[in-house]
Amino acid sequence: MLACCDLHTHSSFSDGSLSPGELAQAAAAKGVKYWALTDHDTVEGLSEAAAAATGAGIILIPGVEISVEDYENRPFHLLGLGLDGRDGSLRALCRRQTERRRIRFLEICERLKKNGIDIDGEKLTASFRGAPGRVQIARELITRKLVKSVDEAFYRYLGSASGNAVPFRKTPLEEAVAAIREDGGLPFAAHPLSLNLNWDRTEAFLADVRDRGVAGTEVAHSGSTLTRQRYVQAIAQRLHLLMCGGSDFHGAGKPQAALGRLSNGKPIPLTFLPEVLREKYCQTEQKRV
Ligand code: AMP
Ligand code: ZN
Ligand code: FE
Ligand code: FE
């Protein structure tokens, strides 16, 4: 099997359905050689992931996906890849965001009560580790057979049109960039096409965030067609941005994203692993031998 990479995955420390250990095993089975765990606003799963990656014989690139402040009113996610795991400002930022997410989670549960759905928010957040989000509430709604899928849960109860979406304060881009770099990592704009800007504005967006310290952009993503991926790649090359690629795998809640795979089902090639990260982790691989 040709070695591939996946630099964007979520575990049960945020809104993925597999534990870091299960993810490492699944990644190895798919031929993923370089695997980044990038949970939303938390690095708590990374120590478990590191041990599991070693056990599965694959290389962990420690990561995170930070919800930064909206860009022109559109949700903007920033990946941090190649983290060293120091107890510094990134860890502090994640703790702060996790607490904001927890308070917002409880508020959403309160709003759902007005829809006749009685979820004990405190009990539910206590039942999982890491950063709480709307997908965990969606899963509870599925368990109660109130909806059939995560998408239906967002459409009916959790999305912006539902009246139950509670905003939470996001991290300013500059702060997230500085924290990722302080921890030895590189910041990448995640799934730039999900901002839904036209091509000119996508390029302007990436140029703007590059000037504010972002090192690269996600180019390969399971939600993007290969034609659109090629456009993003051309923009990245024009702007001299690093390129990364990942599936944004979440497990059962998002069946359309397959681990280590592009939207066409082909493995994510190692060309989407930036050289500087490959070198950083090749050395750890050699040290281990
Ligand atoms: P939160 O971070 O709590 O605001 O939840 C948003 C996350 O839910 C996104 O980053 C997606 O990973 C996930 N998600 C899954 N399905 C949907 C959907 N239909 N609409 C929006 N977000 C979704
Ligand atoms: Zn997610
Ligand atoms: Fe994201
Ligand atoms: Fe993601």
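The values are calculated or read from the model by the stated rules, or taken from the named source; none is laboratory data. Nothing here was measured: the structure is a model prediction, and the numbers come from that model. Backbone-built Cβ (ideal geometry, glycine too); neighbour counts: all protein chains shown. These area figures cover heavy atoms from the full protein model, side chains too; ligands, DNA and RNA do not enter into them. Shrake-Rupley method; radii C 1.70, N 1.55, O 1.52, S 1.80 Å.
For Glu44, state whether it is charged (D, E, K, R), in contact with a Gly (Cβ under 6 Å, 6 or more places away or on another chain) and closer than 16 Å to Thr9 by Cα.
Yes, satisfied.
Do you know which of the residues in the stretch 175-222 that are open to solvent by less than 30 Å² (accessible area, probe 1.4 Å) and of a type in the set (Ser, Thr, Tyr) is farthest from the chain's Cα centre (by Cα)?
Thr202
What do you reckon, is Val64 in contact (Cβ under 8 Å) with a residue 12 or more places away in the chain, touching a strand residue (DSSP E or B) at 6+ places or on another chain (Cβ under 6 Å) and within 23 Å of Gln136 (Cβ to Cβ)?
Against the criterion (in contact (Cβ under 8 Å) with a residue 12 or more places away in the chain, touching a strand residue (DSSP E or B) at 6+ places or on another chain (Cβ under 6 Å) and within 23 Å of Gln136 (Cβ to Cβ)), Val64 qualifies.
Got at least one residue in the stretch 109-122 being more than 17 Å from Tyr71 (Cα to Cα), hydrophobic (A, V, I, L, M, F, W, C) and within 10 Å of ligand 1 (Cβ to nearest atom)?
Checking the stretch 109-122: not a single residue is more than 17 Å from Tyr71 (Cα to Cα), hydrophobic (A, V, I, L, M, F, W, C) and within 10 Å of ligand 1 (Cβ to nearest atom).
Condition first: closer than 22 Å to Gly82 by Cβ and in contact (Cβ under 8 Å) with a residue 60 or more places away in the chain. Now tell me which residues in the stretch 12-25 satisfy that. Reasoning before the result, please.
Taking the stretch 12-25 and keeping what is closer than 22 Å to Gly82 by Cβ, we get 13-14, 16, 20-21, 23-24.
Of everything in the stretch 12-25, those that are closer than 22 Å to Gly82 by Cβ and in contact (Cβ under 8 Å) with a residue 60 or more places away in the chain turn out to be Phe13, Ser14, Gly16, Leu23.
If I filter the stretch 136-151 for residues that are out of contact with any helix residue (DSSP H, G or I) (no Cβ under 9 Å at 6 or more places or on another chain), at pLDDT 95 or above, part of a loop (DSSP other than H, G, I, E, B) and away from ligand 2 (no atom under 16 Å from the Cβ), do I get at least one hit?
yes
For residues in the stretch 68-110 being among the polar types (S, T, N, Q) and within 18 Å of Arg129 (Cα to Cα), which is surrounded by the most Cβ atoms within 10 Å (Cβ to Cβ)?
Here the answer is Gln97.
Residue by residue through the stretch 242-251, note down the ones that are more than 15 Å from ligand 4 (Cβ to nearest atom) and in contact (Cβ under 8 Å) with a residue 40 or more places away in the chain.
Leu242
Condition check ((1) open to solvent by 10 Å² or more (accessible area, probe 1.4 Å); (2) within 16 Å of ligand 4 (Cβ to nearest atom); (3) over 17 Å from the mean Cα position of the chain (by Cα)) across all residues:
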residue	(1), (2), (3)
Cys4	no, no, yes
Ser11	no, yes, no
Leu18	yes, yes, no
Ala27	no, yes, no
Gly31	yes, no, yes
His40	yes, yes, no
Ala51	yes, no, yes
